[in-house]
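Visitor: Just dropping this structure here.
The values are calculated or read from the model by the stated rules, or taken from the named source; none is laboratory data. Values in this document were obtained by computation on a predicted structure and should not be read as measured data. Using ideal geometry, Cβ is built from the backbone for each residue, glycine included, and neighbour counts are taken over all protein chains shown.
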Amino acid sequence: MTDEVRERIRVLYADDEDDVREVFEAVFADDFDVTSVPGGAEALAAMGARTFDVLVSDMRMDPMRGSELLAKAYDQHRDTQRILLTGFSDHDDLAAAVNEGHVFAYVQKPWDAEQLKLTIQRAADQRRLEVENRRLVRELQLANESLKGDLESVHRTVPRPRLQVTSPPMAKVLEQVIAVAGTDASVLLHGETGVGKELVAAAIHERSVRKRGRFVAQNLAALPPELMTSELFGHVKGAFTGAQQARRGLFELADGGTLFLDEIGEAPLSLQAMLLRALESREIWPVGGSDSRRVDLRIIAATNRDLLSEAQRGVFRLDLYYRLAVAPIFIPPLRDRPQDVRGLGAPMLEAAARRMGRTLPRLTDAAWAQLERHAWPGNVRELSNVMERLAIYHAGREVDGGDLGLPPIPAPAGDVGRPPPAPVQAPVTDAADTIVLRVPEQGTTFDDLEREILVQVLARADGNQSRAARSLGLSESTLRSRLKRLGLKG
């Protein structure tokens, strides 16, 4: 999504000191749409009257502390990301807020303007990603509140709307998700930028035995190299200038759950060595610390690079590659799955129009056909960009192919509409036969296709759950749990 289309980030700042609020407004007024209030009650009232991307709150306020405000904001305005500013040793309140998922990030006072600006931008980007996830998906919903319902970049988990599957390539990805989710193997997701690697990682987590733990995600490309080690492994008090308190890293935050590391190819060689050691020993060493800490988590990494080629050139460790790529999954680009364009684009357009208060544009079949023929170098992110642009500039109008603003692409010979339906041949782990899936229609969900797969596998196993579980690489208990969730009888 480009800056031209994106609205200004809306920030609500709560602090009971008038002069501090004035400083905050003066520092960030050029970067964000800032509203400041003197306390927690005023902040909740402001959030009830207007939508904010990010809530920034001081910890020490009277009568409502910042941790209490963030907890209430979490319950009442889940979409708004929350940042806590603290200059005191409020360890218990801070730990509770982090553990309960009320905090996207916390920043120590006195805050550095550039660091806080970057944290606010990351929080706003995360909020937009969550909204986009709900546009792209219909069900990846939390098993319970401990998974939090927030997708955090630093301290976050994934909401579980239902992921739409409308193309044969994505049906094959689904089958791999189902197969690998029943294991604890490390997964490496390959795919171009913007294809939805984090959504696939979240789907794996949600179907795994770790689904009651956190799904913690971090794009390494968004971190300065000098901060990567501290962000991942944490640091002890006094480890470096500005480390006024100990801080847990992402490995500890994901303990018991899943840590998703996007753009793993951005990790410098020094960090790669630390990652390899952590994966092999299941122990981490916080920066400046002398004692290791045990962690139990699953790693899912993602890249848009050829890591094997980079290993041969000496810029990526081969031993780390093999440790990460136990179960590789390739996510095809959007141009290779044109059936997904309408299935993903239509809810994106509806959500964009609703969010901006615009009347929904009406795309003709010719417009959708042109969108399906587009090369989509930016993949799903580019599609989201186009849908938002249409909602802005073509509200309430009929949109034909000439209104899309896409470069012209020659139409293929023959029918320019949707490709004719064809069965999807999808191999099943440890089975000589194949599973035949119907081509998914718009609105078909992961659960719909998973139900088809399980029905066919059980039929082929003559109803024997042990044999069916073995063919899918699952335990019997996992298979029974999925049958129950999908309303199937074994």
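Visitor: With the requirement that a residue be touching a helix residue (DSSP H, G or I) at 6+ places or on another chain (Cβ under 6 Å) and buried (at least 22 other Cβ atoms within 10 Å of the Cβ), what does segment 262-274 give you?
Guide: Scanning segment 262-274 gives a single hit, ALA267.
Visitor: In segment 284-305, which residues are exposed (fewer than 14 other Cβ atoms within 10 Å of the Cβ) and either in contact with a helix residue (DSSP H, G or I) (Cβ under 8 Å, 6 or more places away or on another chain) or modelled with pLDDT of 90 or more (or both)?
Guide: Within segment 284-305, ARG294, ASP296 qualify.
Table: residues versus (1) within 27 Å of LEU479 (Cα to Cα); (2) small (Gly, Ala, Ser); (3) in contact with a Leu (Cβ under 7 Å, 6 or more places away or on another chain).
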| position | (1), (2), (3) |
| --- | --- |
| LEU174 | yes, no, yes |
| ALA181 | yes, yes, no |
| ASP184 | yes, no, no |
| PRO224 | no, no, no |
| MET228 | no, no, yes |
| GLU231 | no, no, yes |
| GLN245 | no, no, no |
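Visitor: Tally the residues that are under 27 Å from the mean Cα position of the chain (by Cα) and either basic (Lys, Arg) or modelled with pLDDT under 90 (or both), restricting the search to segment 359-372.
Guide: Residues meeting the conditions: 0.
Visitor: May I ask you to verify whether ASP62 is modelled with pLDDT of 80 or more, under 19 Å from LYS237 (Cβ atoms) and out of contact with any Pro (no Cβ under 8 Å at 6 or more places or on another chain)?
Guide: Judged against the criteria, ASP62 is not a match.
Visitor: With (1) more than 13 Å from the chain's Cα centre (by Cα); (2) closer than 28 Å to ASP336 by Cα as the list, and GLU231 as the residue in question, which single condition is left unmet?
Guide: Single failed check for GLU231: (2).
Visitor: Could you tell me whether segment 340-354 includes any residue that is under 22 Å from the mean Cα position of the chain (by Cα), β-branched (Val, Ile, Thr), in the same structural domain as ALA179 (by TED's automatic domain parsing) and buried (at least 22 other Cβ atoms within 10 Å of the Cβ)?
Guide: So far as segment 340-354 goes, no, none of its residues is under 22 Å from the mean Cα position of the chain (by Cα), β-branched (Val, Ile, Thr), in the same structural domain as ALA179 (by TED's automatic domain parsing) and buried (at least 22 other Cβ atoms within 10 Å of the Cβ).
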